[in-house]
Amino acid sequence: MSMMVGSEPETAAETEASTPATAHRLLHARETLAASLPQLADPAALHERLAELASVERLRPARPATVRAGGEARARFWTRAAIAFTVTIIGATALTVRTAPTRYDPPVPSGRTVQGVPPEAAPGTLSKKQTALRKKLRSNPANGPQRLAPQPR
């Protein structure tokens with residue numbers, strides 16, 4: 001059984017992909033295979049090994065529809081991930097704009113003890129003169145100029 005090697009446009013038509021996409025996929029597959037199996041990095045060695053495998057066992061490549069469906073599923077996943085990431089960034093930006101302060105408020109310094117100032121004195125008992133004045137003021141609250149006394153209407 002001889003191995004048929006088609007051109008990239010034929011392979012692209014078979015997998016229903018563009019020629020550049022097919023070339024990139026083949027290049028990526030060869031690089032991955034060379035990283036996994038260094039002894040097959042040489043194209044001639046790879047061709048020989050594939051010919052041996054093809055003569056021993058019937059190899060069935062994946063159907064083009066399966067390959068395309070897998071590629072489209074990956075593309076959908078990454079597109080949705082990019083959209084979700086973009087929406088997250090927009091939401092975080094909107095939240096920041098909404099909750100961020102609009103002016104700078106400097107921090108309040110911590111309180112310090114002031115030396116040499118006496119404590120505030122509490123009002124003590126009133127003297128006889130102050131008691132008499134308070135009693136007089138409370139007995140006649142409307143005495144005084146007209147502008148100070150409230151007028152009922």
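The values are calculated or read from the model by the stated rules, or taken from the named source; none is laboratory data. In this text the structure is predicted, and so the values were computed from the model without any measurement. Cβ atoms come from the backbone with ideal geometry, glycine included; neighbour counts cover every protein chain shown. The accessibility values were calculated without ligands, DNA or RNA, using every heavy atom of the protein model including side chains. Shrake-Rupley method; radii C 1.70, N 1.55, O 1.52, S 1.80 Å.
Things to note:
- Computed from Cα atoms, the angle from the helix 128-139 axis to the main principal axis of the chain rounds to 80 degrees.
- Extended-chain gain in nm, criterion 0.36 nm per residue less alpha-carbon gap, Val97 and Ala21: 23.1 nm
- Using R0 = 41 Å, the C-beta based FRET efficiency linking Leu46 and Ala81 works out to 0.75.
- Charged neighbours of Ala69, selected by a Cβ distance under 14 Å, balance to +2 (K, R count +1; D, E count -1).
- The sum of -39500 (n - 2.57) across all DSSP H runs of n ≥ 4, divided by the residue count of the chain, sets its helix-only mean residue ellipticity at 222 nm to -19500 deg cm²/dmol.
- Contact order normalised by residue count of the chain, Cα under 8 Å, 6+ apart, percent: 15 percent
- Solvent-accessible surface of protein heavy atoms, probed at 1.4 angstrom with all chains present, puts Glu14, Glu52 in the order Glu14, Glu52, largest first.
- In a DSSP loop and with at most 11 other Cβ atoms within 10 Å, the chymotrypsin sites (Phe, Trp or Tyr not before Pro) in region 59-123 are Tyr104.
- Alpha carbon centroid spacing (whole Å) that separates region 61-97 from region 18-50: 28 Å
- Candidates Arg68, Arg103, Arg80, ranked by Gaussian network fluctuation over the chain, Cα under 10 Å, top entry: Arg103
- Among Arg112, Arg138, Arg74, residue whose mean-square fluctuation peaks in a GNM of the chain (springs only between Cα atoms under 10 Å): Arg138
- Ala62/Thr88 FRET efficiency (R0 25 Å; Cβ-Cβ; nearest 0.05): 0.10
- Of the residues Trp78, Gln130, Ser55, the one whose Cα sits farthest toward the positive end of the charge dipole of the chain, with +1 on the Cβ of Lys and Arg and -1 on the Cβ of Asp and Glu, is Gln130.
- Over all Cα atoms in the chain, the spread is summed up by Rg and Dmax: 45.6, 130 Å.
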